[in-house]
1. Quick one: if you stick a label point 7 Å off each Cα along the C-beta vector at residue 73 and residue 154, how many nm between them?
2. Provide the FRET efficiency to the nearest 0.05 for the residue 223-residue 323 pair, computing r from the beta carbons and using R0 = 56 Å.
3. For the stretch 5-129, state the semi-axes of the equivalent ellipsoid (square roots of 5 times the eigenvalues of the alpha-carbon gyration tensor), sorted largest first and rounded to whole angstrom.
4. Want the number for residue 420 to residue 407: 0.36 nm per residue separation, take away the alpha-carbon distance, what's left?
5. Based on the mean of other beta carbon atoms within 10 Å per residue, what is the order of 353-362, 280-289, most packed first?
6. How high is the FRET efficiency from residue 171 to residue 19, r the C-beta distance, R0 56 Å, rounded to 0.05?
7. In nm, to one decimal, how far is the residue 196 label point from the residue 336 one, both placed 7 Å along Cα→Cβ?
8. Ignoring everything except DSSP H segments at least 4 long, calculate the 222 nm mean residue ellipticity for the chain; use -39,500 (n - 2.57) per segment, divide by total residues, nearest 500.
């Protein structure tokens, strides 16, 4: 027996029984993005490694430990995208989209990070990414947060709550960096290996440590919000006031710094208590310096990424997974004329009734076996086409979910009669 090839660790199949929740989330996300005026963009899965090093930051876990990086046949270093923002920004720059434009973009697709797989954290994972490029004011921050809040309403998910913070300008952060570095230097003996390495590269990353032994030390560190410049402080105050007017609840979390270096000013996370350790389901913030950093004209921007798998888990827990619709009609064939003529009839019905779902019995079988399949399919109506029906130029029609006898219909009237009978059967079922 040949060796069985398993899926790559941390890269999971999405099976038909689960796909309904994914499709429902994707449909709602597209609808919400559309009503806020966002357009879809699709960017490559593979980019030059330098893009992520410059955008995300050399001293982040993503760049240091988690990227899938390889040399292609030409010797170029390429990376499977670990996040979407850098690629969207690169696309906007390289395609000349920033010339006086203000862009509202969204995309959805797989990302890749070589992490230890666990529930809610996979090596191939899917994200919804929403970006507003060319907008400097806190009104853009508030609208983007409102968009995400509306998505939760559309999905009927209530176990999510919003945390916000401000990281200030790069100048503010540089000044704060010195204050933070001085604090951690005084406690260098208590730092773990990762934090000691980051101390001289980017000490803000120490605040993002998940090591519980570091928690007390981090809790005593100076707060960035106490060292904001006046402009960033005013920006954050206006954002909070707007969220209050919109009725969007939030908590200011001064330790929220986000894991990527390109963020400035507003950062936010939607978190949940329903998924254990993986509590962040949607994270984002402002990245006003990133576009200039990647070679474009300096342009303000803000965006967020939503974890598809985690939100799907929330939908399943909340019982919000839509039930797959059964076919309306199951077509049973047992005739010497063969399946070809019956398939032609099925295609004619699909042309005439495109809003109805027809399932054709494939693979043959006797009437008893086919009726079992028809019943299992959940169809409301069976169409039966056998030699006797062909000889008389009719198709038999048998309701499968109602106490009603079998009737016959001339082939030329089949589409109208099917529609009439289905409308009556569905109406009876809903009453």
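1. In this crude spin-label approximation the distance works out to 4.3 nm.
2. Numbers: r = 48 Å, r/R0 = 0.86.
The formula returns an efficiency of 0.70 here.
3. 24, 24, 12
4. 3.4 nm
5. My ranking of the peptides, most packed first, is 280-289, 353-362.
6. 0.70
7. Those two pseudo-labels are separated by 8.9 nm.
8. Roughly -11500 deg cm²/dmol at 222 nm, from the helical runs in the chain.
Only the coordinates and a few stated rules stand behind these numbers; no lab work does. As the structure is a prediction and not an experimental result, all values here were calculated from the model. In this analysis, Cβ positions are derived from the backbone assuming ideal geometry, glycine residues included, and neighbour counts consider all displayed protein chains.
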